[in-house]
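So the structure is just underneath, and the comments pick up after that.
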Amino acid sequence: METPVFPAHIQAALDRAQYEIIEDEQPYYGEVPQLPGVWATGPTLESCRTNLSSAVEDWLLFSVANVLDRGRVLTEDAAS
């Protein structure tokens, strides 16, 4: 497994995660309520937690990229 880019942020999100068992092939479900749309499943609680960690990292990277893109657009608009 690769080293996460934002380890402290990921851990803080995982500390707020909520888990439950659902009726599914991967019965463990986890989500971080403060991060809309961030959830994961797994066949075990540990695999669910690993998958959720990856989902949180993806959410963080997407959020940073989104902010950078908005900054680029604002800068380009100002230069016009």
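When residues of region 8-49 are filtered for being surrounded by 14 or more Cβ atoms within 10 Å (Cβ to Cβ) and polar (S, T, N, Q), how many remain?
Residues meeting the conditions: 3.
With respect to Gly37, determine if the residue is in contact with a Lys or Arg (Cβ under 8 Å, 6 or more places away or on another chain) and either more than 18 Å from Phe6 (Cβ to Cβ) or not charged (D, E, K, R) (or both).
Judged against the criteria, Gly37 is not a match.
Using beta carbons and a limit of 8 Å, which pairs, at least six apart or on different chains, have the first residue in region 18-36 and more than 16 Å from Ala55 (Cβ to Cβ) and the second one surrounded by fewer than 14 Cβ atoms within 10 Å (Cβ to Cβ)?
These pairs meet every condition: Glu25/Pro43; Pro27/Ile21; Pro27/Pro43.
Determine which member of the set Pro33, Pro43 is modelled with pLDDT of 95 or more, touching a strand residue (DSSP E or B) at 6+ places or on another chain (Cβ under 8 Å) and closer than 14 Å to Ile10 by Cα.
Pro33
The values are calculated or read from the model by the stated rules, or taken from the named source; none is laboratory data. These numbers were taken from a predicted model, which means no experiment stands behind them. Glycine also receives a Cβ, built like all others from the backbone with ideal geometry; neighbour counts cover every protein chain displayed.
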